[in-house]
Amino acid sequence: MSDQNPYQQPNPQQPPQGGYPGQQPGYGYPGGQQPQQPGYGYPPPAGGYGGAPGYGADPNAPYGYDHYGRPYSHKSKIVAGVLQLLLGGVGAGRWYTGHAGMAVAQLLTCGGLGIWALIDGILFLVKDDRTDADGRVLKS
């Protein structure tokens, strides 16, 4: 009969032994040690694994940070620029980035008779500091 009672309360002076009652620690592994997972004990890289959203990602910046430390948006500045160049009279690039007030102003003025829409579309494509409505930098 075993010395251990599986229904016995754990002794606070003795560290827990893991596994089933009566099982030896590390049972079945060479040298009695369980293998460690790669990277165990180290924090994941910034922006999650591979920079994709998910495990280990910062909830404030799920798409990572730019070189100035500003969080990236999930929206693209190329898509915003092309939408603004093609459909700037209705403020399509601004609707895409979530700037509803600016989009309504472009809609009511037909994109500044096309000049405002053209300049805004070019700036979307050229400048790196364009943001979405949440203040996150548009990714390239």
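Observations on the structure shown:
- Stretched out straight at 0.36 nm per residue, the stretch from A105 to L118 would grow longer than its current Cα-Cα span by 3.2 nm.
- Shape of the stretch 56-99, Cα gyration tensor, a/c cut at 1.5: prolate
- Cα gyration tensor shape of the stretch 101-140, rounded if a/c is under 1.5, else prolate or oblate by comparing a/b with b/c: oblate
- Packing-based ranking, highest mean first, of 89-102, 113-126 given that Cβ atoms within 10 Å are counted: 89-102, 113-126
- Amide H within-cut-off set for L138, under 5 Å, with H built and near neighbours excluded: S73, R130, T131, D132
- Percentage of interatomic Cα-Cα distances in the stretch 70-139 larger than 17 Å: 32
- Put a dot 7 Å past the Cα of K139, heading toward its Cβ, do the same for Y68, and the two dots end up 1.9 nm apart.
None of the figures in this text is laboratory data; all of them are computed from the coordinates on show. Quantities reported herein were computed from a predicted structural model and do not represent experimental measurements. Cβ atoms come from the backbone with ideal geometry, glycine included; neighbour counts cover every protein chain shown.
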